[in-house]
1. Return the residues of segment 65-75 that are without any contact (Cβ under 8 Å) to a residue 60 or more places away in the chain, open to solvent by 30 Å² or more (accessible area, probe 1.4 Å) and out of contact with any Asp or Glu (no Cβ under 6 Å at 6 or more places or on another chain); say none if nothing qualifies.
2. Let me spell it out: the conditions are (1) over 13 Å from Ser98 (Cα atoms); (2) open to solvent by 30 Å² or more (accessible area, probe 1.4 Å), and Ala57 meets all of them except one. Which number is the exception?
3. May I ask you to list the residues in segment 293-308 that are surrounded by fewer than 22 Cβ atoms within 10 Å (Cβ to Cβ) and either at pLDDT below 95 or over 15 Å from the mean Cα position of the chain (by Cα) (or both)?
4. For Ser107, indicate whether it is closer than 21 Å to Ser295 by Cα and either under 14 Å from the mean Cα position of the chain (by Cα) or open to solvent by 20 Å² or more (accessible area, probe 1.4 Å) (or both).
5. In segment 199-210, what residues are without any contact (Cβ under 8 Å) to a residue 60 or more places away in the chain, surrounded by 13 or more Cβ atoms within 10 Å (Cβ to Cβ) and under 19 Å from the mean Cα position of the chain (by Cα)?
6. Go through (1) out of contact with any Asp or Glu (no Cβ under 7 Å at 6 or more places or on another chain); (2) farther than 23 Å from Ser111 by Cβ; (3) surrounded by 12 or more Cβ atoms within 10 Å (Cβ to Cβ); (4) modelled with pLDDT of 95 or more one by one and return the number of the condition Glu23 breaks.
7. When segment 26-45 is examined, which residues are found to be surrounded by fewer than 15 Cβ atoms within 10 Å (Cβ to Cβ) and within 18 Å of Cys217 (Cα to Cα)?
8. Being aliphatic (A, V, I, L, M) and closer than 20 Å to Ile154 by Cβ, is that true of even one residue in segment 21-32?
Amino acid sequence: MSSVQTDLVTEGEFIRITAEEAERERALRNRFASFWSIASGDPRAVYDAFISGSPMAGDLLIDDVNEAVVNAQFVCPRQAKPGQALLFLHGGGYVLGSARAYRGFVSQIVSRTQIPALVIDYPLAPEAKLPAGPDAARLAWQWLVAQGFQEIAIVGDSAGGGLTLVTLQGLTSEPHGPTPIAGVVFSPWTDLSLSGASMTDADVVDPLIGRDYLEDCAGKYTGKFSATDPLASPLFGEMEGLPPLLVQVGTDERLLDDSRRFACRAAQAGVPVELQIFEGMHHVFQLDVAHLETSRSALDRAAAFLRNAFERR
């Protein structure tokens with residue numbers, strides 16, 4: 001890839017917002033502050049309550065999957081093309097999150113793509129450490145293949161976005177069945193060593209996550225592994241051969257440079273990658289489809305990317 005093309009990927013497509021949307025974002029941040037100021041109890045239950053605010057799309061079927069190799073929610077449109085599926089890996093810093101909490105958000109993706117999605121529960125830290133997360137994702141991939149799905153893309157947010165990229169790197173270097181169709185990641189955590197410039201940039205005002213939180217999560221998750229091990233941080237993994245990727249991130253994120261740097265490295269390795277940077281948006285703003293036009297637009301973009309990837313195959 002030429003240096004000009006690489007520069008374009010590094011900068012990304014910059015999506016501006018209107019003054020009205022900026023006001024809605026400010027109001028939403030006030031809601032966040034109010035929620036977290038009174039939140040109490042088990043941190044995982046509180047996080048799930050927060051994530052569950054993403055509304056359920058209509059006219060979908062949701063089934064529990066409780067098998068030896070995978071515990072998940074399977075979110076399916078009433079009519080879907082046989083053999084196609086999404087594997088969704090949720091966020092939460094590897095210490096929080098559940099398939100049930102994320103099924104509303106995933107339903108928004110499924111309704112836009114008309115492709116079913118398997119939303120898995122993977123082992124959380126500190127009870128489980130590396131390589132438990134990647135192992136669970138690989139087993140879920142194999143489970144989908146065993147069910148007859150031969151065209152599969154992987155989607156994830158935040159830590160789940162990082163795990164998505166780790167899983168794609170693993171499947172590329174050591175294939176297990178079909179080749180992944182594509183990857184879509186929202187605000188991915190690609191560098192658990194926290195070396196990105198946005199981690200300490202005073203101009204970045206992240207209303208949801210801070211460096212101290214990320215450092216704590218990384219310590220609980222990595223265990224005996226280095227934070228720069230590719231199983232923890234896909235930024236330092238092999239890029240060659242990855243499928244087409246879409247990376248979406250907001251400007252008001254500590255993880256902004258996690259997206260920028262990963263997209264740049266992938267592009268330099270010849271990977272077809274699109275980086276979309278949304279002005280004034282917070283961490284995984286796509287969850288807030290009930291409040292922000294930008295969230296709905298971003299998911300529309302992600303759905304179009306996925307549909308195009310499946311159609312090209």
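1. Within segment 65-75, Asn66, Ala68 meet the criteria.
2. Every condition holds for Ala57 apart from (2).
3. Glu293, Arg296, Ser297, Asp300, Ala304, Arg307, Asn308
4. On the way: closer than 21 Å to Ser295 by Cα: yes; either under 14 Å from the mean Cα position of the chain (by Cα) or open to solvent by 20 Å² or more (accessible area, probe 1.4 Å) (or both): no.
When the stated conditions are applied, Ser107 does not pass them.
5. Met199
6. Failing condition for Glu23: (3).
7. Asp42, Pro43, Ala45
8. no
The values are calculated or read from the model by the stated rules, or taken from the named source; none is laboratory data. On a predicted model such as this, the values are computed, not experimentally measured, just so you know. Positions of Cβ are backbone-derived with ideal geometry, glycine not excepted, and every protein chain shown enters the neighbour counts. What goes into the accessible areas is simple: the full protein's heavy atoms, side chains included, and nothing from ligands, DNA or RNA. Shrake-Rupley method; radii C 1.70, N 1.55, O 1.52, S 1.80 Å.
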